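A short worksheet on the structure shown next.
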Amino acid sequence: MSNTLVLFDFDETIIKENSVKKLLHAASGRRFLWPIAIPALVDFSGWKQLRQNIKNRVYNECLYALSDTDQYHFGRAFGIRFTLNSEVWEKMKYHHEQGHTIWIVTASPQPYVKGLAEALSLPCELVIGTRLPSTPELFDLTEIECSGGKKVDEVNAQLAKGAFCFNTILAYGNLPWDREMLSMAHEGYVVTNGRVSKYGRD
C-alpha cells in the first residue's frame, strides 16, 4: 500500500466548472434557479448567512428526495461535459503513476461526483462528499455539507475506519473553501484559475 495519500477537491480544482449547477438544473427541470432564492432574499433574519441560506433553499427545492442512484446516473451522464484543469490533471496522473492513494474530497453530492469521476476516468480510490437524505424530508446543508472543516473530519473518519497509515498527506484545493483541508496536509497546493501553486500557511 502507498505511504502517500493525495486529496483533491473536485469543482474548480479537478474540473474548471462548478458541476453542481448542472445537477440542480437537471434534477429540478428548471431553466432558471434564481426565483427559488427570492424568499431567502426577503428574510432579513438570515442576511448574515445569506449565501448559505440561498444555497440551502435551492438544494432543498431541486434535490429534494433525489436518490443516490439518480445522483450517480446524473454524474455518469454529465461527466464528459466538464473540462479538466490540465495542470491539475497532470498532477493527478503523476501521483497515480507514483502509486499514491488518491481521494476526491468534495462539498458536492458524493454519489454524483462518484459518477462524474468514473465518467472522466479519474484514478481515485475513494470519493468523499456530501450525503443528501434520500427520504422526503427537508435538510440543513450547514449540518451535512462536506465543506470547510467537515472535509477534514470526514477524511479523518475514513482514515480511522480503514485503519490507514500514511506517512505523507498532500492536498489540492481552492481558497477559501479548502483552507482547512490544505492546512491539515503535510503539503498543500492551491488551484487558482487552473494554475497550481504551493499553499502558504498563515
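The values are calculated or read from the model by the stated rules, or taken from the named source; none is laboratory data. In this text, all values refer to a predicted model and were calculated from it rather than measured experimentally. Ideal geometry is used to build each Cβ from the backbone, glycine not excepted, and the neighbour counts take in all protein chains shown. Side chains included, ligands, DNA and RNA excluded: accessible areas come from the protein's heavy atoms. Shrake-Rupley method; radii C 1.70, N 1.55, O 1.52, S 1.80 Å.
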Enumeration of residues in segment 122-141 that are touching a helix residue (DSSP H, G or I) at 6+ places or on another chain (Cβ under 9 Å), over 25 Å from Arg57 (Cα atoms) and either part of a helix (DSSP H, G or I) or open to solvent by 20 Å² or more (accessible area, probe 1.4 Å) (or both): Pro123, Cys124, Leu126
Cβ-Cβ under 6 Å pairs, at least 6 apart or on other chains, segment 53-75 side closer than 19 Å to Cys146 by Cβ, far side among the aromatic types (Phe, Trp, Tyr): Gln71/Tyr112; Phe74/Tyr112; Gly75/Tyr112
So Ile144, is it at pLDDT below 95, β-branched (Val, Ile, Thr) and open to solvent by less than 50 Å² (accessible area, probe 1.4 Å): yes
Segment 175-202 residues that are farther than 18 Å from Ser108 by Cβ and touching a residue at least 40 places away in the same chain (Cβ under 8 Å), paired with ones that are open to solvent by less than 80 Å² (accessible area, probe 1.4 Å) and of a type in the set (Val, Ile, Thr) (beta carbon under 7 Å, 6 or more apart): Ala185/Ile169; Tyr189/Val196; Val196/Val88
Restricting segment 32-79 to residues that are modelled with pLDDT of 85 or more, among the small types (Gly, Ala, Ser) and assigned to a helix (DSSP H, G or I), the residue that is surrounded by the most Cβ atoms within 10 Å (Cβ to Cβ): Gly75
Close pairs from segment 124-136: first of a type in the set (Asp, Glu), partner modelled with pLDDT of 95 or more, Cβ under 9 Å, at least 6 apart: Glu125/Thr101; Glu125/Ile102; Glu125/Trp103
